[in-house]
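Here the structure comes first, spelled out in structure tokens, and everything after it is commentary.
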Amino acid sequence: PVLIDHNQGRRVDFGRSLFTSIIPEYKEECTQLDGEIYDIRALGIEEGIQGIELNNVDITYNCYRTSCKLGTTKADQGVYRLRTQLPSNCAHGILEAEKESYLKGETQVLDEKNIEISMRKLKEFDFSVVKHKYFMGVIQESEELEDYNSALINIQSHDDENLINYNQYPFEDDDTEEIKKIKLIEDDSKYSIDIILMDNVDGISIGGYKADWDVVYEEMYGKDKITFHIIEYLPKPFDENTTFEMIQFLDENTAYKQELRPEFT
């Protein structure tokens, strides 16, 4: 099993990847603002409180063919907002809101002049991986990965297709701080987890963890680390039949998915 980095197979981690569409900015069209004033506010979570107006949010008007930077939300008469006209040559475009540590928020401009854009905050977690030997229906106690083990981690958000964590554990000496973190939405959310446990001596997969992961805000609140629990399947799957049995177990066994659910600490 490998990860794919720019169409090339690669066993080491290359961090998270967010797809960004390339839309040209036509400066002349973006300066032609006209019409009524729009009151634009970005709402997110701060210190556990939902629906807070956010400061310093960059607002862009995406009109499919053009993309115009309108400005940034700031303090204005006791609230954080951006009051602006929109490009005159484009109706019903998409307002996009961007701020560090938040997923991009967007909403379409219709008839309402007071517009709120919801944004979902991201939270970074340290993480580690421990393994549990599994043999003949018994899951043993957790233990640290061996020197010859590595875990390849893929976590895909169900709520935002652009939020994907690619990580490897243990860390390499040249890994960046970003690679050593997991980013999750700081709210109720759902993810697909696919972790592959590798035996790097024999070059084969020997277990892992695969499940849908429902996270509620209360279990992550005040926590800063995630421990991922994974299976080491025994006997070691050298042959095709044992490999198939392992894959079937990881895909279909619901009991282990619940017992070894990721743990916030």
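Structural remarks
- On Cα atoms only, tilt of 240-252 relative to the major axis of the chain in degrees: 50
- 15 Å Cα-Cα reach of Lys223 towards aspartates and glutamates, excluding residues that sit fewer than 8 places from it in its own chain: Glu47, Glu124, Asp126, Glu186, Asp187, Asp188, Glu263
- Centroid-to-centroid separation of the stretch 169-234 and the stretch 49-109 [C-alpha atoms, Å]: 34
- Using a probe radius of 1.4 angstrom, the carbon and sulfur fraction of the accessible surface of the stretch 177-265 is 47%.
- The residue list Gly48, Thr227, Ser67 was ranked by how far each Cα lies along the charge dipole of the chain toward its positive end, using unit charges on Cβ atoms, and Ser67 comes out on top.
- Global form of the chain, assessed from the alpha-carbon gyration tensor, a/c cut-off 1.5: prolate
- Surface composition of the stretch 95-147: carbon and sulfur make up 40 percent of the accessible area, probe 1.4 Å.
- Top of Tyr64, Tyr191, Tyr80 by mean-square fluctuation, Gaussian network on the chain, Cα under 10 Å: Tyr64
- Max mean-square fluctuation residue, GNM over the chain, Cα-Cα springs under 10 Å, options Asn253, Asn162, Asn149: Asn253
- In this rough spin-label picture, where each label sits 7 Å from Cα along the Cβ direction, the Ile49-Asp76 distance is 2.1 nm.
- Reachable lysines from Lys104, criterion Cα separation under 22 angstrom, eight or more residues apart if same chain: Lys69, Lys74, Lys113, Lys121, Lys123, Lys181, Lys183, Lys190
- Asp194 paired with Asp34, simple spin-label distance in nm, labels 7 Å along Cα-to-beta-carbon: 5.0
- Only the Cβ atoms of Lys and Arg (+1) and of Asp and Glu (-1) were treated as charged; on that basis the dipole of the chain about its Cα centre amounts to roughly 600 debye.
- Per residue, the chain exposes 56 Å² of accessible surface when a 1.4 Å probe is rolled over the protein heavy atoms with every protein chain present.
- Highest GNM mean-square fluctuation among Asp199, Asp251, Asp174, for the chain modelled with Cα contacts below 10 Å: Asp174.
The values are calculated or read from the model by the stated rules, or taken from the named source; none is laboratory data. Every value quoted in this text rests on a predicted model; they were computed, and no experiment measured them. Note that we place each Cβ from the backbone using ideal geometry, even for glycine, and neighbour counts take in every protein chain shown. Ligands, DNA and RNA are excluded from the accessible area calculation, which covers all protein heavy atoms including side chains. Shrake-Rupley method; radii C 1.70, N 1.55, O 1.52, S 1.80 Å.
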